[in-house]
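Asker: Quick one: this structure, given as structure tokens, is what I'll be asking you about.
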Amino acid sequence: MYMKGSFLRFFPTPHFLTMKSAGLTITDSCVRYIALSDTVEKKRVTSFGEKALPQGAVERGYVKDPEKLIAVLREVRKEAGLSFVTTSIPEEKSYLYTVEIPYSTKEKEVESSIESTIEENVPIHLSEATYDYDIVPNESNEKTLKVAVSIVPTKVVRTYIDVLEGAGLLPISFELESHATAEAIVDQKENDAYFLVNAVENKTGLYVVSNQVVHYASVVHSSMGTGEKRSGVVDLLETPTENGQEKNVEDIGALVAEIDKVYKYWHAKDFDTRDTYKQIKKVIITGERAFNSELIERLSATLRTNVEQGNVWKNVFNFESHIPEVPFEEATKYATAIGLVLTK
């Protein structure tokens with residue numbers, strides 16, 4: 001059975017909006033969370049933290065040992081007093097494509113049109129798919145709508161539901177890492193195109209966001225800082241779409257080369273007066289390695305553009321009104337979690 005809508009929003013919108021939930025990310029090495037006060041006029045960090053996972057509990061987004069993960073999630077729930085959570089789905093488990101469908105203002109007709117395109121764009125049967133979509137602003141006309149469609153195998157979502165509920169946590173909804181990170185990093189008033197580099201732990205997410213919609217997402221796995229040795233650049237997953245690729249790299253040079261490929265791929269598109277394929281205005285880096293000077297310098301030199309460290313608090317509060325207790329450099333680790341809290 002397929003499911004749609006913010007990757008399983010479990011409650012009607014009015015109820016959902018009244019719930020105070022934390023943003024929670026599950027990586028290969030840790031569980032990370034952050035909660036904000038629910039006063040719209042004055043948001044504040046109420047709790048944040050991370051707890052290491054036993055090696056092998058999660059590998060490249062796959063939950064290999066549910067019991068070990070549940071045990072850590074239980075500790076997080078008790079220590080932080082969490083109940084409701086919005087959780088990210090690893091990009092490795094997803095597919096993303098953009099498609100034009102017949103114009104309609106009726107949600108059911110839009111969804112029916114999208115469902116007819118799923119099996120021709122991703123290697124998942126509709127009955128096994130969980131999907132969500134964004135209508136691309138200013139790309140519609142009297143005949144068509146342009147939509148960006150995100151697909152996750154339902155069994156992946158089910159696994160995350162089971163481990164969260166097994167730990168006594170109630171998942172409100174799920175979002176892809178790329179969408180949540182963009183929610184935190186890209187100014188919500190901006191419609192330009194941005195290249196986001198989410199350099200976390202042993203992987204780097206590469207996302208292109210235009211008009212507040214994620215149009216491209218891929219993952220580069222890296223052994224940098226992990227002690228793990230890998231050789232070469234290897235395709236791990238190929239899909240019929242232009243997104244959803246995984247690659248392996250072993251050093252900063254190889255990582256920069258992969259980022260350059262995506263940057264050039266985007267700029268090889270035909271740019272016109274419409275909004276989908278705008279030229280990238282800015283490259284923004286976030287995550288644990290956002291302050292790696294060598295990575296930033298080599299990116300700037302290769303892409304021939306400035307690389308800016310992302311401000312994860314951009315859409316939460318400004319530093320004139322509040323200085324968060326989370327140091328700025330440490331806060332970059334929480335970009336995805338913060339975006340999850342902001343997602344409604």
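Asker: Where the second residue is basic (Lys, Arg) and crowded, with 19+ Cβ neighbours inside 10 Å and the first is within 18 Å of residue 306 (Cα to Cα) and modelled with pLDDT of 90 or more and lies in the stretch 264-289, which pairs have Cβ atoms under 9 Å and are six or more apart or on separate chains?
Answerer: Cβ pairs passing all conditions: 286/333; 287/333.
Asker: If a residue must be under 20 Å from the mean Cα position of the chain (by Cα) and part of a loop (DSSP other than H, G, I, E, B), how many such residues does the stretch 292-337 contain?
Answerer: 7
Asker: In the stretch 122-153, what count of residues is obtained for those that are outside any loop (DSSP other than H, G, I, E, B), buried (at least 20 other Cβ atoms within 10 Å of the Cβ) and of a type in the set (Val, Ile, Thr)? Let's see the steps before the verdict.
Answerer: Of the stretch 122-153, the ones outside any loop (DSSP other than H, G, I, E, B) are 126-135, 144-153.
From the residues that got through so far, the ones that are buried (at least 20 other Cβ atoms within 10 Å of the Cβ) too are 129-133, 145-152.
Subset that is of a type in the set (Val, Ile, Thr): 130, 147, 149, 151-152.
Summing the residues that are outside any loop (DSSP other than H, G, I, E, B), buried (at least 20 other Cβ atoms within 10 Å of the Cβ) and of a type in the set (Val, Ile, Thr) in the stretch 122-153 gives 5.
Asker: If you don't mind, there's one more thing I want to ask. Could you say whether any residue in the stretch 199-220 is assigned to a strand (DSSP E or B), at pLDDT 90 or above and over 16 Å from the mean Cα position of the chain (by Cα)?
Answerer: Checked against the condition, which is being assigned to a strand (DSSP E or B), at pLDDT 90 or above and over 16 Å from the mean Cα position of the chain (by Cα), the stretch 199-220 yields no hits at all.
Asker: Taking residue 96 as meeting all but one of (1) in contact with a strand residue (DSSP E or B) (Cβ under 7 Å, 6 or more places away or on another chain); (2) modelled with pLDDT of 95 or more, write down the number of the exception.
Answerer: Unmet for residue 96, out of (1) in contact with a strand residue (DSSP E or B) (Cβ under 7 Å, 6 or more places away or on another chain); (2) modelled with pLDDT of 95 or more: (2).
Asker: Scan the stretch 31-75 for residues that are closer than 30 Å to residue 318 by Cα, in a strand (DSSP E or B) and touching a residue at least 40 places away in the same chain (Cβ under 8 Å) and report the count. Let's see the steps before the verdict.
Answerer: Residues of the stretch 31-75 closer than 30 Å to residue 318 by Cα: 31-51.
Applying the additional criterion that residues be in a strand (DSSP E or B) yields 31-36, 45-51.
This time we only want the ones that are touching a residue at least 40 places away in the same chain (Cβ under 8 Å), so: 31-36, 45, 48, 50.
Residues meeting the conditions: 9.
Asker: Going by the structure shown, is residue 334 crowded, with 21+ Cβ neighbours inside 10 Å, touching a Phe, Trp or Tyr at 6+ places or on another chain (Cβ under 9 Å), of a type in the set (Ser, Thr, Tyr) and modelled with pLDDT of 85 or more?
Answerer: Details: crowded, with 21+ Cβ neighbours inside 10 Å: yes; touching a Phe, Trp or Tyr at 6+ places or on another chain (Cβ under 9 Å): yes; of a type in the set (Ser, Thr, Tyr): yes; modelled with pLDDT of 85 or more: yes.
Yes: the conditions hold for residue 334.
The values are calculated or read from the model by the stated rules, or taken from the named source; none is laboratory data. From a predicted model like this one, the values you see are computed outputs, not experimental measurements. Cβ coordinates were reconstructed from backbone atoms using ideal geometry, including for glycine residues, and neighbour counts include every protein chain displayed.
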